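A.B. asks: Following this message is one structure expressed as structure tokens.
Every number here is computed from the coordinates shown, using simple stated rules; none is lab data. Predicted, not measured: the structure shown is a model, and the values here were computed from it. Reconstructed Cβ throughout: ideal geometry from the backbone, glycine too, with neighbour counts over all protein chains shown.
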């Protein structure tokens, strides 16, 4: 049985070309090799585009500067004295704009990759990083801190600590419940919907009893914004990403096998239940870290995987990094618009992201060229 499944997997990857005397699908292998090079080239081009776009976006704002000023300042920060740079421009780039740009890239990449793997393990095209009620749980932590003053951290990070802890507790409860009842995709989705509604009702109750100042804090956090990010927050997000994303990428081939069904994956030596719990745990940890700093920013983890799937197909070895790159690009554009569309007034990034995300998502639906990845 395993031999038959292994042959089926090989044929599904390389195609059903004419078999040669050596028993290899030579033409199909050549075509597959060319396809891999195209996917790799797309990922390299996407990374280069992100770097160039970040440099251009750094020039936008109330302080005028050229793109050459940006790169000279960045080089000077690594190799002091290499170029001459203006003190004001250096301060604006390194202290104000660069943390926001890097935060947008890290957050967008994390949300995009987590959305991709969640759609795969839950077998649901509507799955996103907030499927398990992570955003509602984080919002509950912020509400508790704002209304009752109950916090686990003091100082400027009192909301961050509450949001992170409550988001982890929420996702941990759902994952534990799924592990006890059997870690099927249906169990996780239904449990996530139930817990999401519970925390939404709790947040509405806390909003009702809060005063104007408390309600303002809860509302601003719920809109999602990158404007409060500094280097400490960026470093925390970077560390969380460096821990979680390699674990997700290491399971790309297992996700490929799971798209054929849990039973088929099991016949090829992959325990779908264990992989599902591992992926959801690691993804929830990263999403909780992102949400605790930037608030609720929707559509990134929903749209980016669909766009990547339309371009590169269903191979998660390439789809996961592509979803991260596309998510980073989308959030980078949304953040740039939120900071510059009204001049000196900075809009919440979550609002701009929703304005961009809805037309993009509708266009993906109307095109109708996408095959569902679990069929």
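A.B. asks: Binning every alpha carbon pair distance of segment 109-297 at 5 Å from zero, what are the percents per bin?
C.D. replies: The calculated distribution, bin by bin, is 1, 8, 17, 20, 19, 14, 10, 6, 3, 2, 0, 0.
A.B. asks: Starting with the fewest neighbours, write out 170, 235, 114 ranked by other beta-carbon atoms found within 10 Å of each beta-carbon.
C.D. replies: Ordered from fewest to most neighbouring Cβ atoms within 10 Å, 170, 235, 114 come out as 235, 170, 114.
A.B. asks: Treating the angle as unsigned and between 0 and 90°, give the value, to the nearest 10°, between the Cα long axis of helix 300-312 and the longest Cα principal axis of the chain.
C.D. replies: Value to nearest ten degrees: 40.
A.B. asks: In Å and from the alpha-carbon atoms only, list the Rg and Dmax of the chain.
C.D. replies: 22.4, 79
A.B. asks: Pairs of Cα atoms under 8 Å, at least six residues apart: use those to get the relative contact order of the chain, whole percent.
C.D. replies: 25 percent
A.B. asks: While we're looking at this one, here's another question. Can you order the peptides 95-108, 63-76 by their average number of other Cβ atoms within 10 Å per residue, highest first?
C.D. replies: 95-108, 63-76
A.B. asks: For the Cα atoms of the chain, what angle does the longest principal axis make with the long axis of helix 185-209, in degrees from 0 to 90, nearest 10?
C.D. replies: The helix 185-209 is inclined about 10 degrees to the chain.
A.B. asks: Quick one: if the Förster radius is 45 Å, what FRET efficiency do residue 346 and residue 176 give, using the C-beta to C-beta distance and rounding to 0.05?
C.D. replies: The computed FRET efficiency comes out at 0.70.
A.B. asks: What is segment 95-140 by shape, rounded, prolate or oblate, if you read a ≥ b ≥ c off the alpha carbon gyration tensor as root eigenvalues and call it rounded for a/c under 1.5, prolate for a/b larger than b/c, and oblate otherwise?
C.D. replies: Here segment 95-140 falls in the oblate category.
A.B. asks: Among 158-168, 240-250, 218-228, how do they line up by average Cβ neighbours within 10 Å per residue, starting with the highest?
C.D. replies: Ranking, from highest mean packing down: 158-168, 218-228, 240-250.
A.B. asks: Tell me the angle of helix 349-367 to the major Cα principal axis of the chain, expressed in degrees between 0 and 90 and rounded to the nearest ten.
C.D. replies: For 349-367 against the chain, the angle is about 30 degrees.
A.B. asks: Now for a separate question. Just order 208-214, 257-263 by mean Cβ neighbour count inside 10 Å, highest at the front, would you?
C.D. replies: Order by mean packing, descending: 257-263, 208-214.
A.B. asks: Per the helix-only calculation at 222 nm, which mean residue ellipticity applies to the chain, given -39500 (n - 2.57) for every DSSP H run of n ≥ 4 and division by its residues, nearest 500 deg cm²/dmol?
C.D. replies: After summing the helix terms and dividing by the residues of the chain, the value is -24500 deg cm²/dmol.
A.B. asks: Moving to a separate point now. Given 37 °C and 0.692 mPa s, compute D for segment 282-354 with the Stokes-Einstein relation, Rh being the Kirkwood radius over Cα pairs; round to the nearest whole µm²/s.
C.D. replies: 248 µm²/s
A.B. asks: May I pose another question? Order these by the 10 Å Cβ neighbour count, fewest first: 173, 236.
C.D. replies: The fewest-first ordering by Cβ neighbours comes to 173, 236.
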